[in-house]
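Asks: First, the structure itself, so that you have it in front of you.
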Amino acid sequence: MADDLEQLYQSTYTSVVRFLYRRVWDLDRAHDLAQEVFVRAMNHRPEKPRAWVFAVAANLARDEARAAMRRKKHLTLLTNDPIVMPAAEPDAQELVEQDERMASVHRALDELTPRDKEVLLLWDAGLTYPEIAAQTDLAVGAVGTTLARARKRLVAAHERLTAGKMDDAAHS
């Protein structure tokens, strides 16, 4: 069984981290959560390990989002504290542009329904249609249609947000 878990880790770790990163938007936290997923897999020895790993990852990401909201509310309260120092601005233009691109993608993903977002992220993480169906309670035949519609909605949301940002800049 240890060899099975090692194989699972070797074959899915990167995909799990990518999946988690696109849920929590913090690479270090995604790695930490991925490690937690595999520790739990060692303790539970799931019957369908690949699907189980992504189900646990989705649950951990959901818990992380809830915790982040609580932290954000707390940080909002602290912004009026005169002791809090403003964050230093990055020096490199490339870092700024990369951050803007990531924020744009993040905003576009946030405009999707939870189901569309989950299907896209599971597919991007490398899950098969049957695995996505099991994770989302969709019929296997509906996964492709849901995925295609989710992609179109993501592209439309990104284009709308990008066009809105350009309009705002033009009017400034």
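Asks: Of the peptides 128-138, 144-154, how do they stack up when ordered by the mean number of other Cβ atoms within 10 Å, highest first?
Replies: Details: 128-138: 17.4, 144-154: 15.7.
Going from most to least packed, we get 128-138, 144-154.
Asks: Okay, moving on. With the crude spin-label approximation of a point 7 Å out along Cα→Cβ, what separation in nm comes out for Val155 versus Leu95?
Replies: For the pair Val155/Leu95, the computed spacing is 3.4 nm.
Asks: Sort out for me the Cα centre separation of the stretch 124-167 from the stretch 1-58, rounded to whole Å.
Replies: Centre-to-centre distance over Cα atoms comes out at 22 Å.
Asks: If each residue of separation counts as 0.36 nm, what is the full-extension length gain between Tyr13 and Ala65 once their alpha-carbon separation is subtracted? Write down the numbers at each step before the final one.
Replies: Numbers: separation 52, 0.36 × 52 = 18.72 nm, distance 2.06 nm.
Full-extension gain reported as 16.7 nm.
Throughout, read-outs are computed from the coordinates displayed, never taken from laboratory work. If you're wondering where the values come from, they're calculated on a predicted model, not measured in any experiment. Cβ atoms come from the backbone with ideal geometry, glycine included; neighbour counts cover every protein chain shown.
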